[in-house]
1. Amide H neighbours of ASP627 under 5 Å, at least 5 residues apart or on other chains, H built in the peptide plane: list them.
2. Based on Cα positions only, what radius of gyration and what Dmax would you give for segment 422-616, in angstroms?
3. Take the cross-link list LYS141/LYS746; LYS210/LYS725; LYS444/LYS495; LYS158/LYS180; LYS129/LYS180 and give me the ones stretching past 26 Å between alpha-carbons.
4. For segment 616-669, just say rounded, prolate or oblate: build the C-alpha gyration tensor, square-root its eigenvalues into a ≥ b ≥ c, call rounded for a/c under 1.5, and beyond that prolate if a/b exceeds b/c, oblate if not.
5. With the dipole of the chain worked out from charges on the C-beta (+1 for Lys and Arg, -1 for Asp and Glu) around the Cα centre, which of PRO218, THR738, GLN662 lies farthest toward the positive end?
6. Peptides 696-707, 149-160, 541-552, 487-498: what's the order by average Cβ count within 10 Å, highest mean first?
7. Within 9 Å, Cβ to Cβ, of PHE184, how many net charges do the neighbouring residues add up to if Lys/Arg are +1 and Asp/Glu are -1?
8. Going Cα to Cα from LYS88, which aspartates and glutamates come in below 17 Å? Please leave out same-chain ones fewer than 8 positions away.
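Each reported figure results from applying straightforward, stated rules to the coordinates on display, with no laboratory input. As the structure is a prediction and not an experimental result, all values here were calculated from the model. A quick note on method: Cβ atoms are made from the backbone with ideal geometry, for glycine too, and the neighbour counts reach across all protein chains shown.
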Amino acid sequence: MLGSTLLGAAIQVHRAHAQAISTKPIQVQTGAPASGNEPVTFQADKVTYDNANGIVTWSGNVQIWQNDHVLRADTVTYDRNTGLAAAKGNVALVQPDGTVLFSDYAELSGGMRNGIMTRVHALMSENAKLAANGMRRTDAKVNDLARAVYTACAICAKHPERPPFWQLRAYDAIDDTEHKRIEFRDAYIDMLGIPVMYLPVFSMSDPSVKRQSGFLTPGLTPYDRYLGSYATIPYYWVIDGQSDMTIQALLSTRTGPQVSSQYRNALNFGTLNILAGLAYDTHREGAFVNTFGNTTGSTNDHGIQGFVFAQAQASISREWRTGANINLATSANYMRDYRVTGYGQETLASNVYLEGFGTGAYARVDAQAYQGLNQGTINNNQLPWVLPRFTYSYFGQPDALGGRLSVDTTDFYVFRTVGVSDQRGQLALNWDRPFHNRLGQLWKLTLRLDSTLYQATDLNEQPLYGLTKRSATSGQALPTMALRMNWPFLRTFAKGRGTQILEPIAQVIAAPNSGNSRTRNMPNEDSLAYELTDSTLFSLNRYAGTDRLDGGLRGNFGLHGNWTWNGHEIDTLVGESVQEHIDRNRIPYSGLSHHLSDVVARARLAPNRFVDFTGRVRVDPYAKRVDFGDALLSTGLTHFHVTGGYVYEPVTPYYYYATNVQTGSPPAAYYVKTNELTMGASANWAAYHVSGFVRRSLSREQFVAMGGNAGYQNDCFGFNIMYVKQYTSIGGQQRNSTIMFTLTFKTIGAFGIHG
């Protein structure tokens, strides 16, 4: 209670003083400590001189300047013989760094660099406050404080005697203003006035410091499945004004140590960020059965292990920049064992690039490489090297005919140790001409030409699995003409407060038939996905890329409706496609296996600001089944919110190209339904928050992930607890649940335990 009373009293002194001098503001510039040889300027209501004893007394709103130090008080007595100034009543000393010291009584000398102060209170950066019974000031560099109290919390205005939310209370403290450090000895951390932790010695940076070298808060985790009990000891090194490095040692009871570091540099022309680690991993994994029922094992996952994640970017000019993203690790199991960020991904991708920006134009040349992390599914020797890839896109201004020309090309050389290696040159020309007529119909004429040239080897290997082993030079060219019509009918209702739009949409696309996509001996690097959805209904090419083109004569039809009134909205779309040519060897369950396609539909319902629902579906009228569906729901009030998601597909498309589908059927994993439900909820009230989520695969009858978060946060303190459990298996193993506690004290730092 002594500390809170002292802080409250100091705040009262500060307020009283502020009222007394509020009409005479002082502007202080940061500079060097004052020298005794600097001139002194003063202002006061009354000045008296005792020439016999060499004493000058200023009284009434006294303000004294010397260099960048400012002293304010009710009364100041200056002894010319000793150079000692004694200040009484509402004393305030403004220092060059902006810190203000308040006191009842102060004796200063040596250009205000030395002295003592009683019942002192320091108002610092970030609303931090430091109070003490007394302070000794030495050469304006070191302040020794007795019975010190520190907090960054606000003091109650009505009851300043009440303790702040937290405070650091110490027997004594040293405020090193030269090195911007505050050291406390024999200290307690009080929460709401109750001691909760004892610290024999505690050191922290001054609140005004944004970057300072030193040890950061260490971490201690009592238990981890792969590390056992482990501790992390980080050290932060400020190299210069634009670069720094954090070095961290990890010591565990179950495996070898790890040293990691992060180097950051904010250059004038770009940025550099390198995160790397080196460890001695003693774990050895045995064989396991992968997704396809094959027995496999991990290799090179023990002994000396490490990782490098580096990002660099540099501006060459206003139009051009270059950069690199390098992500490498010795093994996925090492990333799992040491909790390296990125574990759980399928691959690590690396690239170097050069890109340029112009008016309506973009160009990029890059090289890419991949490392597989899920060795039970992805083998590194089957992953490609892209050396290089060139992308260019141009979108022109309206021409004399009212249309716009766009030019796109993506050219690359893909090399695989095992699999198809190929080179591609590709060019797409597209011309759009919109127009409308008196009936209110909106028309768009599109003329497009896609052309591609390939040179490929080992066509019979993955991922193409072609019908020939020979190398081949091939190509394709597909001219396409499309005409689309939107005919919106609009009316108002509810006395002009609502609108209704009914919009038939029709499109005809004419192009040569592109043939059987599976048996064509051309590489396929970017067109693995093919399905009809509400978003691809009116697309010229329903493949994801351009290695496979969607030719033939077809028509697309849809009906779009929108109703909006008084904050309510309903938006719907239903459509279907009619096509002349059928390629029954395309990807199953695409919705395009008949002349008349599956029916696709989308609906969004937002009856008020508290509910928002979007659902999409694709229905096969021939088999009388749903081949795709998903839904998103968001609802809640100001302090409570619920979200939900659902996705359904009769297969798991990810596994379709995992084996040779030319000579056999897709693997069994492909025929497992995608049937997942995700639910989440969050609530907040005042400074408290809580949230949780769960994701479950209904078809596999198992959870995919679940977790939760709860905490409290105010102006100076934060508490958070988080729990996450992932059921995904990488390399035949799962990680245990992760739980994390974090305490954050403003201006001091964050303390946490996780495992």
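1. Residues meeting the amide H criterion: ARG618, VAL619, ASP620.
2. Spelled out, the Cα radius of gyration and Dmax of segment 422-616 are 20.5, 72 Å.
3. On the way: LYS141/LYS746 24 Å; LYS210/LYS725 35 Å; LYS444/LYS495 34 Å; LYS158/LYS180 33 Å; LYS129/LYS180 15 Å.
Long pairs (Cα-Cα over 26 Å): LYS210/LYS725; LYS444/LYS495; LYS158/LYS180.
4. Details: a/c = 5.94, a/b = 2.13, b/c = 2.79.
Oblate is the answer for segment 616-669, as a/c is 1.5 or above yet b/c matches or exceeds a/b.
5. Positive-most Cα among the choices belongs to GLN662.
6. Details: 696-707: 14.2, 149-160: 18.2, 541-552: 21.2, 487-498: 11.1.
Final packing ranking: 541-552, 149-160, 696-707, 487-498.
7. On the way: positive: ARG169, ARG185; negative: ASP172, GLU183, ASP186.
So the environment of PHE184 carries a net charge of -1.
8. Cα-Cα hits under 17 Å: ASP45, ASP74, ASP79, ASP104, GLU107.
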